[in-house]
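The values are calculated or read from the model by the stated rules, or taken from the named source; none is laboratory data. Because the structure is predicted, anything quoted here is derived from the model rather than measured. In this analysis, Cβ positions are derived from the backbone assuming ideal geometry, glycine residues included, and neighbour counts consider all displayed protein chains. The accessibility values were calculated without ligands, DNA or RNA, using every heavy atom of the protein model including side chains. Shrake-Rupley method; radii C 1.70, N 1.55, O 1.52, S 1.80 Å.
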Amino acid sequence: MKFLLLLVTAAVYTLSSPDGSLELSVSTGDEITYSLSKDGTCVLGPSQIALTLTDGTALGGKVRKVRRGETDRTVEAFVYKSASVRDHYNWLTLSFRNFNLEFRLYDEGAAYRIVPTLKKAFDIEQETAQFVFPEDFQAWLPYIGKSQNFGTSFESRYTFSQLSGWDATKLAFLPVLVDEGECKVLLTESGLTNYPGMFLDNPGGATTLQGVFAPRPKIREQGGHNMLEMVVRERESFIASFSSAEPLPWRIALVSKDDGELLESDMPWLLGADPSGDFSWVKPGKVAWDWWNDWNIYNVPFRAGINNDTYKYYIDFASANGIEYVILDEGWAVNLQADLFQVVPEIDLQGLVDYGAAKNVGIILWAGYWAFDRDMEHVCRHYSAMGIKGFKVDFMNADDQMMVNFYTRAAETAARYGLLLDFHGAFKPAGLQRTWPNVINFEGVYGLENMKWDARGDQVTYDVTVPFIRNVAGPMDYTQGAMRNASRSNYRAVYNEPMSQGTRCRQLAEYVVFFAPLTMLCDSPSNYMAEPECTSFIAGIPTVWDETVALENCTGVYASVARRSGDVWYVGAMTDWDERSLELDFSFLGEGQWRMEVFRDGPNAAKAARDFEHIFEAVPASRKITAPLAPGGGYTARIIRID
C-alpha cells in the first residue's frame, strides 16, 4: 500500500501599523500562528489560529491568494463618545480553500477574523484562539466558575493576579486586561452577531490564554428569575451552526503604553459593521429610574409604589429637570407569567404614556428576556403604537450562539418600530451598538445596583478599574447618581434605602468618566429634589460627546477624562480609597478665557461623604488644575468659554 504525504509549504507574512509602532507576523504551514510586537518588543508570542467544522473541514492548507492594503477614512459617529472617528489601518487577507483570514493593524492594536467562504450549511466544532504572552504578567480577570455551564450576568469584579496564578476552576469573560509593564494589552472582540462570545482559560497554568466557547444549546427550558429566562439543560457537541457563510467575530488585542489610551480607544466600535438605514430618530438621554431607590418617594399624599400616582411623580420630576425618560422597571407586568400584555391593574399604561408625552418625557419598559423574545414582533408593534420609546431587556445571562443571535434579532425588530434597547443581564458590547444605534446601552458591569445587597464589596476600587476594561468595549449601564453616600467605614448594604460607596462628588464625576448614551438617575426624585445643586448639574451633563480626551489615569487607582459637547467641556476625576490630588492639564481648551463650575470634595468628605464644595472659578492661563480627591472621592467641572 502506498501513502501520499502532502506537505504544506510554510510562509511568513508581515504587516506594520500606519505609524510603524506595531508589527504583526503571520506564519502559515502545518498550523497558523501570529505574533505581535510594539516598538520592537514582543507583546504576543506565536499564537495559534484554527477552526474545525464537524465534517472535518479545517482552516489552513495552501495560501491561494494574498491581498494587502491600507484604509484611511473618517467615520461620522452617532450615539458615541466622539462626533467623528478616524478609521486608519493596514490590512492583510490570506485566502485558503473554504476560508479567508483577515488581519487589521491599527496604531492602537491588532485584530483578526476568520471568514468562511463555503457554499453550503455547516457546523463549527471548535475554534482555537490563542494569546501567548512572553512573560508571566499580571492581569485583571473577571471570573466565572466552570461549573456555571456558561451562564452568567457578566458582572464579576476583577481578580488581579499573575497569569500563572489563574484559578483552574474558572473562566474569564471579555474584556481582559494584561499589564506587560511597558504597555497594557486588552483582549476583547467585536462584530459579534451570530456566534458564541469568547471566554478565556489558562489550561496550562502558564502564560498562554485560550479561547473557550459555549456549545450551541440543544435543549432549553423556561425558568430562572420569575420564569423569565431560558435555562440550558443540554448542549450540542459543536459551538455554532450556519445555514450560509458569514464572518466570525474580530479577535482584538489593544496595545496601550498609557492607560489613558484605553479610554480613548475606538477599535471595538470601529470593528462593528457599518449601520444601514436612518437612525436620526434615536434619542440618547437620561432616565429617572424607580427600582434602585425602591420607589421611595416621600412628602406626598399617596402611597408610593407601582401605581399611576407614583409614576406621574417620576414624570413630573423628569419634566422639571429636562430628563428625557422614565423607566417602569420590573413590576408593571403581572409576575410569573412572562407575558408583556398582562399589565397589573394599578397601572394605566396608555394614560402614563400620554401624561409623559404632554410633558416631553418618554416611557421605557423593563422586560424579562423570555417575555420579550417569545412574541417579539407583536410586543414591539403593540408598544410602539402605544407610544413607548424602548425596552430594558433583562436576564439573558448567556452569550452562546442562540443568545447572541437574539440580540441581533431584537436590535433589528426594535429598529423597525422606532424603539430603543437597553440590554441588562447582558454580555459586553461587541460592535452591535454601531450597526444598530438604537441599541443604546448594555449592562454587563458590576454596577451600583449591587450596593443594595453587597455588604463587603469594594465598589470604589472597581469604579477606577472598569473604565479601562469593560467600558473600553462600549457603553455600560452602571446606574449611578446616589444621593446617599458613605465613607468606607460608614457604608452599609441597605436594600430599601441604598447608598453608594465614596463621596457625593464621585457620583457626579461618574456621569463624565463612564460612557453611556442612556444614563440612569438611580435615586429617588424626592432625594434629588432635596439636593437641587447636584441634581441640576447631573441633569445638564450630556450623554453623547463630540470629543473625548484622557487626562491622568492609572488602572485601579485613579481615572480622569475630559469630554466636549458643542462648545462646552466636562471633566470628571475619581480616586480609589486613597486621598490624593491630581494635577490635570487643561491644554485641550486651547486659546481664550474659560470659566469652570466645579463640584469637589469638601473638607470633611473623608468622614461625611456627602460634603462637597460648589464653586465657580476661572481656568488659569497655565491650564494646570489641581483636583483634590478625598478617599473614594471625585471631582467634576463644567467649562465654558467666556471671551
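The figures follow:
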| read-out | value |
| --- | --- |
| Single residue of ALA121, ALA168, ALA172, ALA129 found to be touching a Leu at 6+ places or on another chain (Cβ under 6 Å) and not acidic (Asp, Glu) | ALA172 |
| Residue in segment 592-620 that is farthest from ASN485 (Cα to Cα), counting only those that are open to solvent by less than 50 Å² (accessible area, probe 1.4 Å), in contact with a helix residue (DSSP H, G or I) (Cβ under 9 Å, 6 or more places away or on another chain) and outside any loop (DSSP other than H, G, I, E, B) | GLU597 |
| Hits in segment 433-473 (condition: among the small types (Gly, Ala, Ser), farther than 15 Å from GLY556 by Cα and open to solvent by less than 10 Å² (accessible area, probe 1.4 Å)) | GLY444, GLY447, ALA473 |
| Entirely in segment 283-380, the helices (runs of 4 or more DSSP H) that have 2 or more residues that are under 30 Å from VAL232 (Cβ atoms) and either among the β-branched types (Val, Ile, Thr) or open to solvent by less than 50 Å² (accessible area, probe 1.4 Å) (or both) | 369-373 |
| Selection status of ARG623, crowded, with 18+ Cβ neighbours inside 10 Å and touching a helix residue (DSSP H, G or I) at 6+ places or on another chain (Cβ under 6 Å) | no |
| Residue satisfying all of: in segment 477-490; crowded, with 24+ Cβ neighbours inside 10 Å and not polar (S, T, N, Q); nearest to ALA605 (Cα to Cα) among these | ALA482 |
| Number of positions in segment 621-643 that are within 28 Å of GLN501 (Cβ to Cβ) and either among the β-branched types (Val, Ile, Thr) or part of a loop (DSSP other than H, G, I, E, B) (or both) | 8 |
| Criterion violated by PHE103 - all others in (1) part of a strand (DSSP E or B); (2) surrounded by fewer than 16 Cβ atoms within 10 Å (Cβ to Cβ); (3) in contact (Cβ under 8 Å) with a residue 40 or more places away in the chain satisfied | (2) |
| Segments classed as strands (runs of 3 or more DSSP E), wholly inside segment 1-99, with at least 3 members that are touching a strand residue (DSSP E or B) at 6+ places or on another chain (Cβ under 9 Å) and of a type in the set (A, V, I, L, M) | 11-16, 22-28, 41-53, 84-96 |
| Selection count where residues are in contact with a Leu (Cβ under 8 Å, 6 or more places away or on another chain) and β-branched (Val, Ile, Thr), scope segment 399-431 | 2 |
| Whichever residue in segment 579-591 is open to solvent by 40 Å² or more (accessible area, probe 1.4 Å) and either of a type in the set (D, E, K, R) or part of a strand (DSSP E or B) (or both) and, among such residues, is farthest from GLN507 (Cα to Cα) | GLU591 |
| Residue within segment 113-124 that is open to solvent by less than 20 Å² (accessible area, probe 1.4 Å) and under 22 Å from the mean Cα position of the chain (by Cα) present | no |
| Among (1) at pLDDT 95 or above; (2) on the phi < 0 side of the Ramachandran plot, the one test that ASP643 misses | (1) |
| Tally, over segment 520-542, of residues that are open to solvent by less than 10 Å² (accessible area, probe 1.4 Å) and either free of Cβ contacts under 8 Å to residues at least 24 places away in the same chain or within 22 Å of GLY390 (Cα to Cα) (or both) | 7 |
| Flag for VAL445 being assigned to a helix (DSSP H, G or I), in contact with a Phe, Trp or Tyr (Cβ under 8 Å, 6 or more places away or on another chain) and among the aliphatic types (A, V, I, L, M) | no |
| Within segment 64-78, tally of residues that are open to solvent by 30 Å² or more (accessible area, probe 1.4 Å), of a type outside the set (Asp, Glu) and in contact (Cβ under 8 Å) with a residue 40 or more places away in the chain | 3 |
| Exclusive hit being out of contact with any Asp or Glu (no Cβ under 8 Å at 6 or more places or on another chain) and buried (at least 16 other Cβ atoms within 10 Å of the Cβ), set THR52, THR28 | THR28 |
| Segment 128-180, residues that are open to solvent by less than 30 Å² (accessible area, probe 1.4 Å), more than 19 Å from HIS424 (Cα to Cα) and assigned to a loop (DSSP other than H, G, I, E, B) | PHE133, PHE137, TRP166, GLU180 |
| Leading residue by the ranking (farthest from GLU102 (Cα to Cα)) among those in segment 224-259 that are in contact with a Leu (Cβ under 7 Å, 6 or more places away or on another chain) and of a type outside the set (A, V, I, L, M) | ASN226 |
| Among (1) surrounded by 19 or more Cβ atoms within 10 Å (Cβ to Cβ); (2) of a type outside the set (Lys, Arg); (3) under 24 Å from the mean Cα position of the chain (by Cα), the one test that CYS554 misses | (1) |
| Residue identified as over 22 Å from the mean Cα position of the chain (by Cα), at negative phi and assigned to a strand (DSSP E or B) among GLU221, GLU246 | GLU221 |
| Search result, residues across segment 79-98 that are open to solvent by less than 40 Å² (accessible area, probe 1.4 Å), under 20 Å from the mean Cα position of the chain (by Cα) and among the polar types (S, T, N, Q) | SER82 |
| Tally, over segment 444-470, of residues that are under 14 Å from ALA493 (Cβ atoms) and among the polar types (S, T, N, Q) | 2 |
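Residue by residue, here is whether (1) over 30 Å from VAL178 (Cβ atoms); (2) among the basic types (Lys, Arg) holds:
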position: LEU209; (1), (2): no, no
position: VAL231; (1), (2): yes, no
position: SER244; (1), (2): yes, no
position: ARG251; (1), (2): no, yes
